[in-house]
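Heads up: the structure comes next, in structure tokens.
Just so it is clear, none of the values below were taken in a lab; they were calculated from the coordinates. These numbers come from a predicted model, not from an experiment. When we count neighbours, we look across all protein chains shown, and the Cβ atoms used for this are built from the backbone with ideal geometry, even at glycine.
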Amino acid sequence: MYLLAILGVILSVLLMGLFSPDGMASLSSCLDLFALLLIIVIVIPVMAAMGMLKDLNHAFRLTLGRKAAGELRELKRAKTAMVYLIRCVVLAGVTGTLAGVMQVLSFGVEEMKTLTASLGVAICPLLYAFVIAIVLLPIEARLEQKIVEFMENEE
């Protein structure tokens, strides 16, 4: 089921490229490795500072792997780590976008085409953050389901 979320995101991006005036070539403007690196550079230290990297590892292992939860506390900590990861990714995307927009506006571009292309690149971190958040939401939902199942089995 988790694979469906990833396939949905990929399919929607391909459909956007297919129906745009420039065709699939328009998707090349959405590729910015620096924006993705910016999100990673912000998210990992923040999650480490919160002390949630271990819980985040458990979240992925509990939902994507075959590991069963030993106790309810472990599931709740994993869900909390996933919630904060999604928040952190979105905020990192907003931060990257604001920094990019500030950079673009400080250069004083004279041509409109250059300005729109630069703003498009500046918005990439926000796009990446939202895509990552969409992909992580099924993991959070699955953790919530596991918590409910665990609590029902305890009764």
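Per-structure values
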read-out: Zone residues, region 27-66, relative to residue 98, backbone N less than 16 Å from point 7 Å out along Cα-to-Cβ; value: 39, 42-43
read-out: Shape of region 52-155, Cα gyration tensor, a/c cut at 1.5; value: prolate
read-out: Sorted peptide list for 85-97, 47-59, criterion being average Cβ within 10 angstrom, highest first; value: 85-97, 47-59
read-out: Segment residue 41-residue 154, length gained on full extension (0.36 nm per residue, minus Cα span); value: 36.7 nm
read-out: Over region 32-154, relative contact order from alpha-carbon pairs under 8 Å, at least 6 apart, %; value: 35 percent
